[in-house]
Amino acid sequence: MLTKPAHKPKRGFTPDIIVVCLICLLPLLWLVWRFLQNDLGVNPVETLVRQLGVWGLRLLVVGLLITPVARIFKQPRLIRWRRPVGLFAFAYVALHLTSYIAVDQFFDWGRIWADIVKRPYITFGMIAFVLLIPLALTSFNAAIKRLGGVAWRNLHKLVYVIVPLGVLHYFLLVKADKTMPLVYGGIVLVLLGWRLWRWIRRKV
Amino acid sequence: MLIRHAPDLTENDVTPKETYLRRREIMAMGIGAGLSALAGGAQAAQLTGKLSGKKTFWTNEAQTPREAVTTYNNFYEFGTDKSEPAKYAAALTTRPWTIKLDGKAAKPQTVDIETLLKGALEERIYRLRCVEGWSMVIPWIGIPLADVIKRAEPTADAKYVAFESLARPKEMRGVRSPVLHWPYVEGLRIDEAMNSLAFLAVGLYGDLLPNQNGAPIRLVVPWKYGFKSIKSIVRISFTNKQPSTSWNLSAPDEYGFYSNVNPTVDHPRWSQATERRIGEFRRRDTLMFNGYGDNVAHLYKGMDLQKYY
């Protein structure tokens, strides 16, 4: 088509993106509401820290799910949802860490540092969080342009390491019943397996 | 509007299971006590009238609200989530109930729970420290473990005491999956078991033990992590070798036989230096032997507690 396209590709906060943001915000609002209502159970601090972590992991998994769904169902517009979902995942993980530092440990830096170095599950969780930071910092258009599409895409492949680290963090923390971490692990395995399979198919 | 009868519903269908099970429990206690319990509204003070009044083991620390004590439980026989025992333990039938005392003893025997309930009961307020890093203060009612052990007259060969919980898959949904070794087993050295702190609880907060807290009878060893305080006991055996314990079988490097509360020996996956007292916001320092060193430290004299964790 040489004439002006009938529909310019939409950018920014289109209605679907706003809806995605609102949905991502719901668990947080729900948690804050329950916290204020004193409805987070017998051990509210633990519930708060755990729920923030679990929602961070859930959104990371949803973020990994978007590309396969968009490709399989031929809905390329869905790709745009990755950014809000990914940024919200980062926000939940950051709040998870903040609640651990500020509410659970009450800024006892000595103990926190000892935890990070000595407790494998906290070590892996911290690595995952640190690796998320560059991804969050480069999640705006100017950064993508500056890095160039290829470099940006390669950088964001870090998420293939981050999500398994998050699952490992969860797995190592659970005492006896590993069902839930294994469920997350299984889903992540399928989502990463799909990418591997496509990559191999392209190579041969 | 169409109003119709519901002849397909029986009394059975409209009585909540909890109510129905409580009714049984109340009957078991004797009609008189049952009626007064009913008259008193919910389940007020079923056992307080029977207490000896001894205040040997007491603390003035704030008691953890009953609501928390009865809804935040690790009782994997009813599920691994701490809210699950309160939801599903009502399915457990706690009568008839007997405890088998066997092994290296002169008078092995089977004791009926009713016999124990008829004897002298005392109230003790103990701190409970969970290996997960939280703690509570609970007013238990029960009898010294030593009193029950003496009934069986353990022989000189009895170096250890092995405990076994009920494992009844029909009523305990958690037992249907192999998350832990079933039946749940625990153990103590005989001198630990004979220590005056070791207690068999049949009640808390003045009432019979709620099922989720280990009805009808459970161990309370407050200087050890909570998982040592085995619930719903059906068997106590005297042995000459160290008995296996469910958590030790599940993760030997994480849960030792002794499992004394010790802030200087970390769980491999988390620190044990601090704990959160349920109901409090800030963590507090964990005390050696959960603050019961005066009573029990002598039991471990000369032992390397890093090794015998």
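Here, each number is a calculation from the coordinates, and none is a lab measurement. Predicted model only: the values in this text are computed from it and were never measured. Glycine also receives a Cβ, built like all others from the backbone with ideal geometry; neighbour counts cover every protein chain displayed.
Pairs from the table (B:Lys100/B:Lys224; B:Lys107/B:Lys301; B:Lys170/B:Lys228) lying more than 28 angstrom apart at Cα are B:Lys107/B:Lys301. Mean separation of Cα pairs under 8 Å and 6 or more residues apart, divided by the residue count, gives segment B:228-277 a relative contact order of 21 percent.
Bridge orientation summary for chain B: considering DSSP beta bridges with both residues in this region, about 85 percent are antiparallel.
Working note: Debye formula, equal point scatterers on the alpha-carbon atoms of chain B, no solvent; log10 I(q)/I(0) at q = 0.08, 0.12, 0.13, 0.15 Å⁻¹ is -0.36, -0.81, -0.95, -1.29. To test your reading of the geometry: what angle, between 0 and 90 degrees and rounded to tens, separates the Cα axis of helix A:159-173 from the longest principal axis of chain A? Once rounded, one gets 20 degrees. For A:Lys203, which lysines qualify as cross-link partners when the Cα separation must be under 29 Å and same-chain residues fewer than eight apart are set aside? Of all the lysines, those that pass the test against A:Lys203 - Cα under 29 Å, at least 8 places apart if same chain - are A:Lys74, A:Lys145, A:Lys157.
A Cβ-based charge dipole, computed about the Cα centre of chain B with Lys and Arg at +1 and Asp and Glu at -1, lands at about 160 debye. Based on the Stokes-Einstein relation at 10 °C and a viscosity of 1.306 mPa s, and on the Kirkwood radius from alpha carbon pairs, segment B:127-221 is assigned a translational diffusion coefficient of 106 µm²/s.
Taking every C-alpha pair closer than 8 Å and separated by at least 6 residues, the mean separation divided by the residue count of segment A:15-203 gives a relative contact order of 20 percent.
Helices meeting the span-like rule in chain B (full DSSP H runs, Cα extent of at least 18 Å along the helix axis, mean Kyte-Doolittle score of -1.0 or higher) are absent.
The Kirkwood hydrodynamic radius of the protein assembly as shown, based on inverse pair distances between different Cα atoms, is 26.3 Å. Comparing A:Thr138, A:Thr14, A:Thr98 in a Gaussian network model of chain A, where Cα atoms under 10 Å apart are tied by springs, the biggest mean-square fluctuation is seen for A:Thr14.
Largest mean-square fluctuation among B:Leu209, B:Leu116, B:Leu47, in a Gaussian network model of chain B whose springs join Cα atoms under 10 Å apart, belongs to B:Leu116.
Computed over chain B with a Gaussian network model linking Cα atoms closer than 10 Å, the most mobile of B:Gly103, B:Gly279, B:Gly214 is B:Gly279.
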